[in-house]
Amino acid sequence: MTLTTALNGPLPTPGPAAAYAVHVDAVTKTYTSASGRVEALRGITHGFAPGSFTAIMGPSGSGKSTFLQCAAGLDRPTSGRVVVGGHDITAMKPAALTRLRRAQMGFVFQSYNLLGALTAHDNVALPIRLAGRRPPRARVLAALAEVGLTDQARRRPAELSGGQQQRVAIARALVTRPAVVFADEPTGALDRATSRAVLDLVRRVTDEHHQTVVMVTHDPMAASYAHQVLFLADGLVVGHLRQGSAAQIAQAMNDLEA
Ligand code: ADP
């Protein structure tokens with residue numbers, strides 16, 4: 001185990017941007033509102049290697065959500081560049097960005113965001129439909145099997161538990177085999193045991209299918225499932241921890257908040 005405390009600074013990001021599933025380069029984000037300017041991100045450079053599972057942690061207001069939004073192309077940085085799967089998404093027009101997002105990115109949210117009128121099968125098939133293709137049944141069933149829900153394919157979200165709904169959302173995020181899955185507090189609404197099962201699943205698919213996952217969480221237990229944790233404070237990456245235990249991650253968070 002490599003243990004680097006939060007005081008040891010950001011991870012080095014060697015090599016060209018295209019070598020990473022996601023590469024953010026000198027990204028800043030400044031919000032301007034009636035109450036003034038907020039520098040939410042103050043120059044973040046980091047490469048997420050293909051097949052890596054990274055948790056983003058930091059005190060409230062440190063810029064985690066803003067970072068995820070900018071890295072996923074849901075919001076535009078004020079300056080800097082974001083490259084996903086070799087494409088500079090900061091230079092893209094909205095329509096091209098939407099197409100790229102559908103092809104190269106998957107999303108998992110705390111609130112599952114499934115469509116209530118559709119079965120689990122049809123929810124998983126949705127990203128393929130949205131991309132204008134006919135979803136191959138075998139592919140959708142394989143994605144459901146991957147998350148252990150073969151028997152629930154015909155059920156609607158209201159007929160599934162929270163953990164099952166989140167597993168449908170994970171299958172939906174993975175069905176297009178995206179370059180990267182962005183997850184925002186994916187276990188925030190789940191109990192401890194269900195959270196562990198969902199995180200086990202995320203870690204397994206990352207390791208077995210070489211998927212890249214970037215997950216914002218405030219929970220050290222959830223973050224301990226990642227290969228590494230990046231710590232943000234005041235809009236900057238201030239440290240990282242590789243393969244840290246929940247206790248070590250909690251300690252690093254305490255140090256940051258002290
Ligand atoms: P975190 O996810 O770590 O809690 P955020 O990315 O939500 O942090 O917020 C970072 C900073 O940017 C905070 O100071 C927050 O108040 C500010 N902020 C976030 N979104 C907006 C917005 N839409 N308008 C103005 N300020 C914002």
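Residues in the range 147-167 that are touching a Phe, Trp or Tyr at 6+ places or on another chain (Cβ under 8 Å) and closer than 26 Å to residue 246 by Cα were compared, and the one that is least open to solvent (accessible area, probe 1.4 Å) is 166. When the range 89-117 is filtered for residues that are open to solvent by 50 Å² or more (accessible area, probe 1.4 Å) and in a loop (DSSP other than H, G, I, E, B), the ones remaining, listed by number, are 93, 110, 111, 113, 115, 116, 117. Considering 36, 86, the condition of being in contact (Cβ under 8 Å) with a residue 12 or more places away in the chain and either open to solvent by 60 Å² or more (accessible area, probe 1.4 Å) or farther than 21 Å from residue 218 by Cα (or both) is satisfied by 86 alone. No other residue among 109, 182 is at pLDDT 95 or above, at negative phi and not hydroxyl-bearing (Ser, Thr, Tyr) apart from 182.
In the condition set (1) under 29 Å from residue 27 (Cα atoms); (2) in contact with a Gly (Cβ under 6 Å, 6 or more places away or on another chain); (3) at pLDDT 90 or above; (4) not acidic (Asp, Glu), residue 194 is compliant with all but (1).
A single entry from 134, 167, 154, 177 fulfils the requirement of being without any contact (Cβ under 8 Å) to a residue 40 or more places away in the chain, assigned to a loop (DSSP other than H, G, I, E, B) and in contact with a helix residue (DSSP H, G or I) (Cβ under 7 Å, 6 or more places away or on another chain): 154. Tell me which residues, restricted to the range 216-238, are within 14 Å of the ligand (Cβ to nearest atom) and either without any contact (Cβ under 8 Å) to a residue 12 or more places away in the chain or not aliphatic (A, V, I, L, M) (or both). Result: 217, 218, 219, 231, 234, 235. Answer yes or no as to whether residue 237 is farther than 22 Å from residue 121 by Cα and touching a Leu at 6+ places or on another chain (Cβ under 6 Å). Yes, satisfied.
Looking at 74, 115, which is the one that is away from the ligand (no atom under 15 Å from the Cβ) and free of Cβ contacts under 8 Å to residues at least 60 places away in the same chain?
Working: 74 fails: away from the ligand (no atom under 15 Å from the Cβ).
Being away from the ligand (no atom under 15 Å from the Cβ) and free of Cβ contacts under 8 Å to residues at least 60 places away in the same chain holds for just one of 74, 115, which is 115.
Filter the range 199-234 down to the residues that are open to solvent by 30 Å² or more (accessible area, probe 1.4 Å) and of a type in the set (Gly, Ala, Ser) and list them by number. Once the filter is applied, which keeps residues that are open to solvent by 30 Å² or more (accessible area, probe 1.4 Å) and of a type in the set (Gly, Ala, Ser), the range 199-234 yields only 224. Residue check: residue 27 meets all listed conditions (1) under 18 Å from the mean Cα position of the chain (by Cα); (2) more than 14 Å from the ligand (Cβ to nearest atom) but one, namely (2).
Within the range 40-67, the residues that satisfy the criterion of being open to solvent by 20 Å² or more (accessible area, probe 1.4 Å), more than 8 Å from the ligand (Cβ to nearest atom), within 17 Å of residue 238 (Cβ to Cβ) and not hydroxyl-bearing (Ser, Thr, Tyr) are 42, 43.
Does the range 42-53 contain at least one residue that is in contact with an Asp or Glu (Cβ under 6 Å, 6 or more places away or on another chain), of a type in the set (Ser, Thr, Tyr) and either assigned to a strand (DSSP E or B) or within 21 Å of residue 31 (Cα to Cα) (or both)? Yes - at least one qualifying residue is present in the range 42-53. Scoring residue 189 on the criteria (1) open to solvent by less than 30 Å² (accessible area, probe 1.4 Å); (2) under 23 Å from residue 216 (Cβ atoms); (3) hydrophobic (A, V, I, L, M, F, W, C) leaves a single failure, condition (1). Among the residues of this structure, residue 183 does not count as one that is open to solvent by less than 30 Å² (accessible area, probe 1.4 Å), within 16 Å of the ligand (Cβ to nearest atom) and over 14 Å from the mean Cα position of the chain (by Cα).
The values are calculated or read from the model by the stated rules, or taken from the named source; none is laboratory data. Because the structure is a prediction, the values reported are computed rather than measured. A quick note on method: Cβ atoms are made from the backbone with ideal geometry, for glycine too, and the neighbour counts reach across all protein chains shown. Note: accessible area is taken over every heavy atom of the protein model, side chains too, but ligands, DNA and RNA are not part of it. Shrake-Rupley method; radii C 1.70, N 1.55, O 1.52, S 1.80 Å.
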